[in-house]
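Below is one structure, written out as structure tokens, with a few remarks after it.
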Amino acid sequence: MKLGIFGLPGSGRTTVFEALTRNISDTANKSENRIGTIRVPDLRVDVLSRMYSPKKTIYAQVEYSLPAMQAHEKKKEQNIWTQIRDCDALIHLIRNFGLEKPTPYQDFMKMDQELVFADLIVTEKRLERIELDKKRGKPVDNEELTLLIECKKHLENETPLRRFPDIAKAPSLRGFAFVSAKPMLVLFNNADEDENMPDAQELASQESCMVIRGKLERELAQMSEEEAKDFLTEFNISASATDRVIEGSYQILGLMSFFTVGEDEVRAWTIRKNTQALDAAEVIHSDIKKGFIRAEVLAYNDLMSAGTYAEARKKGTVRLEGKTYIVQDGDILNFRFNV
């Protein structure tokens, strides 16, 4: 899972990136992209690791990308939004601090329209190419053409494509990686002493929104575990920004985890909700999908109730499921396959 962080100058992008990734640098080159990878905290993985004492424990991971520049800082035709087109989702950071009065809704709209404009350019160029292909007698993908015309209509109305999930997720448009179609988490970057959401009801009703005290969280990221405990209490922080943003990221992307366990490895795997067992098998290895026979399934909570895998089997909570079984969050899976 990869998320791109963007926002207007002065919104605190670098501060928040460093708070989330604990990748602190006073000498980072601002003209280069920065990438930070962190593990997804999961108490279930901790428990399973203690239970199996494996050689390796592998948590799910999240990657945050901080583009070197923003769209308004360069000519639009150069389209630096390409730096976040490969991201699964976006984090839109909005300034809600400082002596100058914050204007969160206006700031949001300014950058959101940059996304829309970037996608409109891509759409118009592709439609022009299709028209040329028609004149040359080349075959045209009518489904792609119809969807692009629909995209153009919405984008010209200054509406981001994420408002239209069926279009945003259409297989025919996947290669375009439209930035306005990506799921978005809006982060209001507040002052140290301010933990409240800004007055932006219209925005909060349309987007997934969250408050972060970026400067404070960056300080927290540099502390030892013992120091951090006192700091969390003093500033009434129930969970770190990293944990809350990861949770918000999972929600906007519709993600969850299943587990594989054993003496060699305990591992969390990230999949989308409503994923079938056959597709979950492919996340581990394409050969498992190819030779899929059955999935042995045990819910995490059932394992906790039984105490051991063997006891859960005796109780009948370990079961065999076929290709179309919908994997549930926290399932412990053992795939039977033959290649």
Within segment 180-223: backbone nitrogen closer than 13 Å to the THR103 label point (7 Å, Cα to C-beta): none
If you look at just the Cα atoms of segment 274-337, how large are its Rg and its Dmax in Å? 11.8, 34
What are the ³J(HN,Hα) values, in whole Hz, obtained from phi via the Karplus relation 6.51 cos²θ - 1.76 cosθ + 1.60 with θ = phi - 60°, for each residue of segment 39-46 in sequence order, with x given for Gly and Pro? 7, 7, x, 8, 4, 5, 5, 4
Any lysines whose Cα falls less than 28 Å from that of LYS315, other than same-chain ones fewer than 8 residues away, would be LYS273, LYS323
Based on the mean of other beta carbon atoms within 10 Å per residue, what is the order of 266-272, 135-141, most packed first? 266-272, 135-141
Give, in nm to one decimal, the length gained when the segment between LYS229 and SER25 is fully stretched (0.36 nm per residue of separation minus the Cα-Cα distance). 71.1 nm
For the chain, projected area of the alpha-carbon convex hull averaged over all directions, nm²: 21.8
With 30 Å as the limit, write out which pairs from LYS110/LYS152; LYS2/LYS125; LYS56/LYS229; LYS110/LYS215 have Cα-Cα distances beyond it, or answer none. none
With R₀ set to 25 angstrom, the calculated FRET efficiency between the beta-carbons of PHE337 and ASP243, to the nearest 0.05, is 0.10
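Only the coordinates and a few stated rules stand behind these numbers; no lab work does. Fair warning: this is a prediction, and the values are worked out from it, not measured in the lab. All Cβ positions, even for glycine, are placed from backbone atoms using ideal geometry, and neighbour counts span all protein chains on display.
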